[in-house]
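Written out below as structure tokens is the structure these notes cover.
The values are calculated or read from the model by the stated rules, or taken from the named source; none is laboratory data. Predicted model only: the values in this text are computed from it and were never measured. Virtual Cβ from ideal backbone geometry, glycine too; neighbours counted across all protein chains shown. Please note that ligands, DNA and RNA were not included when accessible areas were found on the heavy atoms of the full protein model with its side chains. Shrake-Rupley method; radii C 1.70, N 1.55, O 1.52, S 1.80 Å.
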Amino acid sequence: MRDVLDHNILNYWIDHVTDHEDGGYYGEIDGHDHLVPGAEKGAILNARILWAFSAAYRVTGNKEYLKAADRAKAYILDYFIDRQYGGVYWSVDAKGNPLDTKKQTYAIGFTIYGMSEYARATGDKEALKCAIALYHDIEDHAYDARNNGYIEALTREWQPISDMRLSDKDENGSRTMNTHLHIIEPYTNLYRIWKDASLEKQIRNLLQIFTTTIFHPSSYHLDLFFDDQWKGKRNIQSFGHDIEASWLLHESALTLGDSSLLTQIQPIVKEIAKAADEGLQPDGSMIYERWMDTGNIDRQRQWWVMCETIIGHINLFQYFNDAEALDIALKCWEFTKSHLIDYDHGEWHWSIDDNGVVNLKDDKAGFWKCPYHNSRMCLELIERNF
């Protein structure tokens, strides 16, 4: 894991993605490793870069990673933070000018994740202050106390917005599993360094939302899209999100340190992971998702799904003594090494298809292709004592 982290993932971002002309990191490198000049820079990409290098510095002590994290932190503070209304811009142009100024709760959550990890790694007060301020922005504007849960997106001025989707492939729901998962993730990380009572309350509330509303009690999958009253079609099973959620929800309960809460959460963790395993293939890979209304299956083997499959099953082995889960993780890692890691140019390919053809159409680095899932997989395995 350390070899892949150092010599395949993070060195690629330092050597190829650092923007020496306009600051921060380039917005896009395509699947053929060509820089896309003038590409917009996304909040998610930059926040995940900040998280990855901060976490890597915390675990390894490598000063080059701290330098890269410093760069990401400075760029976010200078260009992504909305000084007038709070929150972060969804994107800026290549020169750092605000481009899409909507307030996507998901992006604010990831900025909390990056800033809190930087503060955790360095003790930096500015990053902690920023993370806390963004937490309050979410709670003040995106939290719906009447219906519970978090609104997907708002305008720059925190007003209702018609199109709340994270991407074109998503349904236009005002509540989503994905955003709630990536709110509890940064809230848990922030709680590690800021033991605030209101923050703890909201983490507990998020766990309650997952276990009583998002978690399907008969299929054991997580439902994805909802309206304000949490009504939604149960029509997509996302195997990667299921296995990712299994260990992230467990992590939140572990971090709170409440034995009774753990007793409640642990059976659900195992049930979600078991449902995710419906996507496992004989070659060790995990397919992407299945539509229940049409029966269609997206059989892509995406890089991030492999990472979460490995961590999720290692988590089952570590905490639930599941030897079969360890075998699944190892088999998935063998598949990943053979098919997704780019040994010639660095980093990982986006995906391969059912016939083993590498996807060169989608980015090597970009709005959604970040050093987050794969570096986190490496760091999780380095840190865990199992």
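Observations
- Sites K67 and S259 - FRET efficiency at Förster radius 30 Å, r taken between beta-carbons, to 0.05: 0.15
- Entries in K169/K369; K231/K331; K195/K231 that, when Cα-Cα distance is taken, lie over 27 Å: K231/K331; K195/K231
- Short-range pairs are left out: with C-alpha atoms under 8 Å and at least six residues apart, the relative contact order of segment 192-243 is 22 percent.
- Cross-link reach list, aspartates and glutamates versus K274, counting only Cα pairs under 17 Å and skipping chain neighbours closer than eight places: D223, D242, E244, E289, E308, D322, E324, D327
- FRET efficiency estimate (nearest 0.05) - Cβ-Cβ, K201 to K231, R0 25 angstrom: 0.50
- Taking the centroid of alpha carbons for each part, segment 343-386 and segment 270-318 are 15 Å apart.
- Two-decimal Rg to Rh for segment 202-245 - Kirkwood Rh, Cα set: 0.95
- Computing Rg and the Kirkwood Rh from the Cα coordinates of segment 48-171 gives a ratio, Rg/Rh, of 1.00.
- Of T255, T294, T176, the one that fluctuates the most in a GNM where the chain has Cα springs shorter than 10 Å: T294
- Highest-MSF residue in the chain out of W90, W348, W291 [GNM, Cα springs under 10 Å]: W291
- Approximate spin-label separation K102-D163, in nm, with each point projected 7 Å along Cα-to-Cβ: 0.6
- Sequence-separation-based contact order of the chain, relative, with Cα cut under 8 Å and 6+ spacing, percent: 19
- Here the calculated FRET efficiency for I14 and L35, from their Cβ-Cβ distance with R0 = 22 Å, stands at 0.90, rounded to the nearest 0.05.
- Distance between the 7 Å Cα→Cβ label points at D78 and I297: 4.9 nm.
- For segment 116-255, the Rg and Dmax computed from alpha carbons only, in angstrom: 15.3, 46
- Mean projection of the Cα convex hull over all viewing directions, computed for segment 298-386: 6.3 nm².
- Here the relative contact order of segment 251-386, from alpha carbon pairs under 8 Å that lie six or more residues apart, stands at 19 percent.
- Average accessible surface area per residue within segment 275-386, 1.4 Å rolling probe, Å²: 42
- Highest-MSF residue in the chain out of I243, I151, I297 [GNM, Cα springs under 10 Å]: I297
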